[in-house]
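Note sheet for the following structure.
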Amino acid sequence: MLSPLDKFATAYNKYRHQFYFSVKMFSDSLLVRHIFNAKQDSVRKNLLIICCVAICFWYLQTLWKKRKLYWYSWNVPGPLALPVIGSAYMFLTLPVTDALQVVHNITKRYPKIAKIWFGSNLLYGVYDPVYIEKILKSPNAAAKDGLFYLAFKDIFRESLITAEVHTWRKHRKLIAPSFNQKILDSFVEIFVEQSEVFADQLKKRIGQKDIEIYLLATRCTLDIICQTAMGVDMHIQTTNGDLGLVLEKIFDLAMIRTLKIWYKIGFIWKMSSPGKQFKQNLVKLFSITGSVVKRKMQEYEKRNNCEYLMAEIEEEPVVKRLAFLDLVLENSNFTEEELKAEVDLFLLAVSYFLFV
């Protein structure tokens, strides 16, 4: 029997001519390619120079447009900012859950105010009550722009948190009366009912090693907000509804877009996997809230046509329990899309604070 070395020698003698021929052909092709590339060197160099000049010009133009921000933020403390990406390097490789810990560490290191550059976007983290008071008293405090609003505009649309100043003032004036103390007191019964359901759900899990307390608390909170905001009992706690998971997924994906600077570009976000998931979950959410709002508006129109007498909340000693959506319909002239946006804001705001 031939040894492995003898087998190799036999195969080498058999195929060495083919091997030499292949090597020669390969070297010839490299030579031709080198000659061909040599002819294109000048073109490539020119293209490279043009690209470098264009990038430098764009960067200098960005610096010039942001010169006032750089000037006024020069003495404000904050984490190291690199060219082009700023401080976004701190979040690029982190999952969303760890990003909040990074923000917490920044607040500990800079306890009053900190600046954070996300690419060309300057963000301020303000923690000192004196600074916060000055900001909130500013006439420009209601103006909305920047990275956060880019990521959440698709979610909140023209609601209170993202609307332009004139829309914000109009909506705030119409919505504010729906939050007087008598109306809030009328919701206590709902709080008690849903808290009892929450307690029952916890009792069913006695003895289990692990309990998803966050998921259970989210379902309880959503049941409460659905009844108080929309006047509909969704039975999310007892049916294990997936509305809470949908809302959580929406916020996870929105935070991904906020923290990953390349997703600022619209078409990249839409074509990416997170962008497609984001759209799918938004469709699920809007289909739920949209159907409820549409039904409520139809009921309201029907009551008006039948001259239905609504209870006057300000004059009755016992307040008839009306959901936020009913109250807004009674006391304003919101369009269907505006109502949908405000109801979605309530649901998402509750989920956001649980998420944080």
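None of the figures in this text is laboratory data; all of them are computed from the coordinates on show. Worth saying up front: this structure is predicted, and the values here are computed from it rather than measured. A quick note on method: Cβ atoms are made from the backbone with ideal geometry, for glycine too, and the neighbour counts reach across all protein chains shown.
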Open item on the list: Can you sort V53, V232 from fewest to most other Cβ atoms within 10 Å of each residue's own Cβ?
Closed with: V53, V232
Task: Burial ordering of K249, K134, fewest other beta-carbon atoms within 10 Å first - done: K134, K249
Task: Listed residue pairs exceeding 32 Å between alpha carbons, taken from K170/K296; K249/K294; K173/K302; K112/K284; K260/K284 - done: K112/K284
- [ ] Read phi for every residue in segment 216-231 and hand back ³J(HN,Hα) as whole Hz from Karplus 6.51 cos²θ - 1.76 cosθ + 1.60, θ = phi - 60°, with x for Gly and Pro.
- [x] 5, 5, 5, 5, 4, 4, 5, 4, 5, 5, 5, 6, 7, 8, 10, x
Task: Burial order of peptide ranges 342-349, 162-169 (average beta-carbon count within 10 Å, highest first) - done: 342-349, 162-169
TODO: In square nanometres and to one decimal, what's the mean projected area of the convex hull around the Cα atoms of segment 171-355?
DONE: 13.2
TODO: Just rank C51, C220, fewest to most, by other beta-carbon atoms within 10 angstrom.
DONE: C51, C220
Task: Ranked packing of 257-263, 295-301, most packed first, by mean Cβ within 10 Å - done: 257-263, 295-301
TODO: For segment 54-73 and segment 200-275, write down the distance between their C-alpha centroids in whole Å.
DONE: 40
